[in-house]
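Chemist: The structure follows.
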Amino acid sequence: MSHVRSTHGNQKRRRRQIRAQNELIRWCKRKGSPCQHDGSRAGKTMRRSTPYPCLPEDIWHHIHSLMPMRDAARAACLSRTFLQSWRSHPNLILNKNTIGLNASACGGNFSRKVDHIMRNHSGIGVKIFRLEYLGVVGFDASRYLDSWLQVVVKPGIEELTLVLCRTKREYNFPCSLLSDGIQNSIRYLRLDWCSLRPTAELGPLQSLTSLRLRSVSIRGEELQCLLSNSPALEQLRISCCTEIICLKIPCSLQKLSNLTVIGCDSLKVLENKAPNLSSFSVSGCSNLKILENKAPNLSSFFYRGFRAKLSLGETLQMKKLDMGRVNLVHYARAVLPSVMPNLETLNITSGPEAVNTPVLPTKFLYLKHLSISLISVSTFSPSYDYFSLVSFLDASPSLETFILDVQQERMEHESVFAKSWGLRQIPENHHDSLKTVKISGFNSAKSLVELTCYILKNVVSLESLTLDTIYGDRRCYLKTFPFCNPIGEGARMEAPRALSAIRRYIEKIVPTTVKLTVLEPCSRCHGKGLQRISC
C-alpha cells in the first residue's frame, strides 16, 4: 500500500511540474520583447508569478532548453536563472524567424542581432548550431563567421549547419575547426555556398553520419579525402558542386546507405564502391559520361539523364527504379523483369518511343506502382501504339497504381474520329489488383482511347480513373505552385477533341463502382474552364 501511495505521489508531482512548465512558457510568451527589463527585477517578478518556484535548478534549465529559441531568449531577459542557462543554451538556430526579423530585413540588422547573441553565449554545451542566411540581402558572412564558429564549435557539438548566400567573396570554411574533440562528436554537417578544402592532415570524423554540401567549392580529390575520414557516414548529398569532375565513393564507407548527387555540371565519372548502399539518386549532371555502382544490395535507383553509360551491377534486390532515357519504355518491358524481378515501384521517363512495347511472357510479379512519362519536344511518331502499353498491365498481376503522362505539343496519331469502324478488341484478361489509373495529356488518339477502354472493361478492381487533358502536374490546382506548367497552342487545340472522345467512347462504359474525373485545361493558367465529371 505504501508503494502505491508513493507512486501516486510521484505522478502528482510530475503533473505539477508539467503544469508549471506550461504556465511558464505561456507567461514568457505574454511578456514583452527580450532585453526590455532589468534582470534582477525580472527575477523577482518571476518568483512572484511562478506558482512552483522551488523546482531544482537543473529542471528549470531543462525546461529552458526545450523552449523555442525566441521564447528562450525572452525568458533569459526575465530571470537570472534562465539568463544563466541561456549562456549555455544547447540549440542555437539562427534565422530571420528565430531572431525576430521581418522579411525585408537587411544583412546589417541580421549580423548585429546574431553577433549580440553570440557575444552573450559562453559556447559551452552547444549541441546544435544552425545559421541560415536565406533571404538576407547585403551581407558578407566571411566578416563574422570565423569568430562565431570559434564560440560554438567545441567538443560536444553534434550538428553544424551553415546555409549562406552567394556573395562576391566566398567564405572559406576552416577545416582546422574539426579538431580532435569535434571529430568524436559531430554527427551532421551541412554547408551551403562556401569553399571547403580538406587535406590529408584532417583526422577521422568518427561520428559523422550525415554530410550535405550545396554549391560548395570542393574538388573531387578533396571530397574523397573527407569521405575517407568519415567511416560512420550513412547519408551523403552533394548538389551544385561544380568543381567536381570525378567522384569515387570508397569501399571504406561500410555504413553508407543513401547517396544523392544533383546538378554537378562538371561531373563526368561517378563510381560507387560503398558495399551497403541501398538508395542511389543522380540527376541534373549534364556532362556525366560514366555511372557505375558496385553495391550488391541496391534497392532504389533514381537517374535523370540521357548520356551516361550505366553499370548498376547486381540488381536482383532492386525494389524502386526511377529512370529517364530515350526509348526506355521498350527497354523496361524487354529487359527489367529478368534483371530486376523484385521491383515494386517503377517510374520511367522516355524520349520519343520509336518501337511499340513488346508482348513477352516475362512478369513483374511484385510491381505495385507504375508511372510512365512519354516526352517529346514536338510530337511522337504517328506509328507509336499507346495500346501496346497493355503489355505492362498484363505482366504485372500485383499492380495497384498506373500513371501515364503523355507530353507532346501536337497530336499526329490517327484520331478516334477519323474512321467509322470500331475500336480494337483483345482477349479479356481480368486484373484484380489495379485500383487507381491516371492519364495526363489525354488526347483523341485512337490507340489511347483503346487503352482506356481496355482498362475499364478488364480491371475489375478499379476504383478511380482520372483523365487530364493537359500534361504534367496541375501545380496551382494542387497548391504546390502559383501556376501550372505552360502548354502550347497545339495542346490547347487538342483538349476539346479529347473531351469529345471521352464523352462518346468512355463515359458510357464506366462501371458504377468507378469514380471518373475529367479535367479540362486550367481556367487560371490556360484560359479555359476546369471541369469534373463524376460517375
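Chemist: Please pick out the residue among Thr242, Thr260 that is surrounded by fewer than 23 Cβ atoms within 10 Å (Cβ to Cβ), touching a residue at least 24 places away in the same chain (Cβ under 8 Å), part of a loop (DSSP other than H, G, I, E, B) and within 23 Å of the chain's Cα centre (by Cα).
Modeler: Thr242
Chemist: Could you list, in sequence order, all residues of region 382-408 that are over 19 Å from Lys446 (Cβ atoms) and part of a loop (DSSP other than H, G, I, E, B)?
Modeler: Ala395, Ser396, Pro397, Ser398, Leu399, Glu400
Chemist: Kindly indicate the residue of region 119-147 that is modelled with pLDDT under 75, in contact with a strand residue (DSSP E or B) (Cβ under 9 Å, 6 or more places away or on another chain) and outside any loop (DSSP other than H, G, I, E, B) and also nearest to Leu196 (Cα to Cα) among those meeting that condition.
Modeler: Among those that are modelled with pLDDT under 75, in contact with a strand residue (DSSP E or B) (Cβ under 9 Å, 6 or more places away or on another chain) and outside any loop (DSSP other than H, G, I, E, B), it is Ser142.
Chemist: Examine region 429-440 for a residue that is touching a residue at least 24 places away in the same chain (Cβ under 8 Å), more than 22 Å from Leu360 (Cβ to Cβ), in the same structural domain as Leu346 (by TED's automatic domain parsing) and small (Gly, Ala, Ser), and state whether such a residue exists.
Modeler: Yes, the conditions are met somewhere in region 429-440.
Chemist: Just the residues that are within 28 Å of the chain's Cα centre (by Cα) and surrounded by fewer than 19 Cβ atoms within 10 Å (Cβ to Cβ), please, taken from region 353-368.
Modeler: Tyr366, Lys368
Chemist: For region 327-378, give me the residue count where each residue is part of a helix (DSSP H, G or I) and over 30 Å from Ala491 (Cα atoms).
Modeler: Of the residues in region 327-378, 6 are part of a helix (DSSP H, G or I) and over 30 Å from Ala491 (Cα atoms).
Chemist: Now for a different question. One residue is enough: does region 287-301 have a residue meeting the conditions at positive phi and at pLDDT below 95?
Modeler: Checked region 287-301: no residue is at positive phi and at pLDDT below 95.
Chemist: With respect to Lys289, determine if the residue is more than 22 Å from the chain's Cα centre (by Cα) and more than 23 Å from Pro231 (Cα to Cα).
Modeler: yes
The values are calculated or read from the model by the stated rules, or taken from the named source; none is laboratory data. Everything numeric here is computed off the predicted structure, so don't read it as measured data. Cβ: placed from backbone, ideal geometry, glycine included. Neighbour counts: every protein chain shown.
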